[in-house]
Amino acid sequence: MVKGHDPQALMRIKNLQLRARAVVEGFYTGLHRSPFHGFSVEFSEYRPYVPGDDPRGLDWKLYARSDRFFIKRFEDETNRHVYIVLDRSRSMGFGTLDYGKDAYAETLAATLAYYMALQRDSVGLLTFDESIGDFVPARQRPGHFRQLMVALSRPLAGSDTDLDAPLQQLAQLISKRGLVILISDLLAPIDTLRTNLGLLRSRGHEVILLRILDPGELKLSITEVTTVIDMETGRELYVDPATAGEAYSRNFDAHSSQIREVCDSLGVDLYEMATDRPLADALLHVVSTQKQRGGRGARRGMLAAGGSSGPAGSSGTAADNATGRGAQR
């Protein structure tokens with residue numbers, strides 16, 4: 001585990017930008033190795049020339065020595081386009097700690113945006129619930145980071161989780177290949193997840209999925225017979241933990257397994273973390289994943305679940321069967 005701020009203490013900082021800076025400060029700040037290559041002052045490696053390559057990259061001195069054409073590959077100084085996609089549905093407001101998943105996810109999104117901006121990446125943001133909320137195009141200019149913070153600081157206003165609209169729109173809007181980081185509790189159907197992640201991957205985008213879970217969701221935390229309310233639909237459910245606990249765990253584990261299978265098959269990196277863990281852990285995962293990829297595209301199933309030691313997934317349907325999505329008493 002990365003040394004980092006205790007999230008309980010971190011969330012007491014009212015200003016979102018200060019929270020993000022607190023996590024990033026002192027963390028790894030070396031420039032990333034871009035997954036793409038262009039012309040710059042820092043030489044990286046050679047590769048054989050193939051028809052269609054820009055002849056300006058030919059190394060004529062090497063040709064004179066070897067009588068073979070080689071292209072110089074360089075570290076790309078062109079900014080990456082990074083899009084952070086944040087789930088703002090009502091289930092993200094659930095929490096058994098002093099804060100909910102929403103505050104934790106917002107802080108994580110702000111932390112990633114702050115770090116990426118330091119690395120000279122162009123950072124954009126898309127928020128969603130049952131519809132698209134804020135969309136901030138990826139840019140790098142004065143005042144842009146503040147615009148991101150304003151969008152991230154808005155209170156939850158939606159209800160359901162709909163992954164279709166935001167991910168489809170994002171795939172259409174991004175013309176240049178980039179990195180998409182989806183932050184969500186994934187209370188959505190598996191088929192929807194598979195279709196939309198597949199769309200992004202088919203367009204050449206790298207995708208990292210950061211799944212946020214409250215510790216109370218890892219197992220049924222209700223100890224007495226009670227009535228719970230589905231936070232997204234408002235439906236009331238009568239729950240007897242003596243009979244619902246086993247079904248909850250079974251559905252939770254099954255959905256978690258399905259999420260991992262989807263990510264493995266599409267080459268999407270999945271990292272699952274509970275909201276009582278340092279946010280620096282997720283930042284380390286994103287940075288180390290990008291360093292492992294280097295100049296290559298995403299490898300299929302490169303990383304499975306990287307975070308929590310317990311079960312880490314449940315769809316809306318699965319949770320409904322047990323206690324209701326993001327249920328609260």
Practice problem: Could you tell me whether Arg211 is surrounded by 14 or more Cβ atoms within 10 Å (Cβ to Cβ) and free of Cβ contacts under 8 Å to residues at least 60 places away in the same chain? | Solution: no
Practice problem: May I ask you to list the residues in the stretch 222-279 that are polar (S, T, N, Q) and in a helix (DSSP H, G or I)? | Solution: Thr243, Ser249, Asn251, Ser256, Ser257, Gln258, Ser265
Quiz item: Among Ala157, Ala151, which is touching a residue at least 12 places away in the same chain (Cβ under 8 Å) and more than 30 Å from Lys291 (Cα to Cα)?
Solution: Ala157
Practice problem: Out of the residues in the stretch 234-268 that are among the polar types (S, T, N, Q) and surrounded by fewer than 16 Cβ atoms within 10 Å (Cβ to Cβ), state the one that is nearest to Ala188 (Cα to Cα). | Solution: Ser257
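When you look at Asp214, is it at pLDDT 90 or above and either of a type in the set (Gly, Ala, Ser) or closer than 21 Å to Ala103 by Cβ (or both), yes or no?
Numbers: at pLDDT 90 or above: yes; either of a type in the set (Gly, Ala, Ser) or closer than 21 Å to Ala103 by Cβ (or both): yes.
Spelling it out, Asp214 is indeed at pLDDT 90 or above and either of a type in the set (Gly, Ala, Ser) or closer than 21 Å to Ala103 by Cβ (or both).
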Quiz item: Is it true that some residue in the stretch 61-81 is under 34 Å from the mean Cα position of the chain (by Cα), at pLDDT 75 or above and either not in a strand (DSSP E or B) or not polar (S, T, N, Q) (or both)?
Solution: yes
Exercise. Report, ordered by the first and then the second residue, all pairs with beta carbons closer than 7 Å, sequence separation of six or more or different chains, a first member in the stretch 6-27 that is without any contact (Cβ under 8 Å) to a residue 24 or more places away in the chain and surrounded by 12 or more Cβ atoms within 10 Å (Cβ to Cβ), and a second member that is among the aliphatic types (A, V, I, L, M) and not in a loop (DSSP other than H, G, I, E, B).
Key: Ile13/Ala22; Ala22/Leu10
Self-check item: Answer residue from the stretch 121-165, given it is in contact with a helix residue (DSSP H, G or I) (Cβ under 8 Å, 6 or more places away or on another chain) and hydroxyl-bearing (Ser, Thr, Tyr) and is surrounded by the most Cβ atoms within 10 Å (Cβ to Cβ) among those
Solution: Thr161
Exercise. Kindly provide the set of residues from the stretch 82-119 that are basic (Lys, Arg) and over 18 Å from Val136 (Cβ atoms), ordered by number.
Key: Arg90, Lys101
Self-check item: Single match in Asp129, Asp164, Asp102, Asp87 (criterion: touching a strand residue (DSSP E or B) at 6+ places or on another chain (Cβ under 8 Å), acidic (Asp, Glu), assigned by TED's automatic domain parsing to the domain that holds Leu182 and without any contact (Cβ under 8 Å) to a residue 60 or more places away in the chain)
Solution: Asp129
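Take the conditions surrounded by 21 or more Cβ atoms within 10 Å (Cβ to Cβ) and assigned by TED's automatic domain parsing to the domain that holds Ala280 and apply them to Leu118. Does it pass? Even if it seems obvious, please write down each step before you answer.
Values: surrounded by 21 or more Cβ atoms within 10 Å (Cβ to Cβ): no; assigned by TED's automatic domain parsing to the domain that holds Ala280: yes.
No: the conditions fail for Leu118.
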Quiz item: Are any residues in the stretch 39-60 part of a strand (DSSP E or B) and at pLDDT 75 or above, and if so, which ones?
Solution: Leu58
Quiz prompt | The one condition in (1) in contact with a Phe, Trp or Tyr (Cβ under 9 Å, 6 or more places away or on another chain); (2) closer than 20 Å to Ala110 by Cβ that Asp162 fails to fulfil | solution = (2)
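The values are calculated or read from the model by the stated rules, or taken from the named source; none is laboratory data. Quick caveat: nothing in here was measured; it's all calculated off a predicted structure. Glycine gets a Cβ as well: all are built from the backbone with ideal geometry, and neighbour counts include every protein chain shown.
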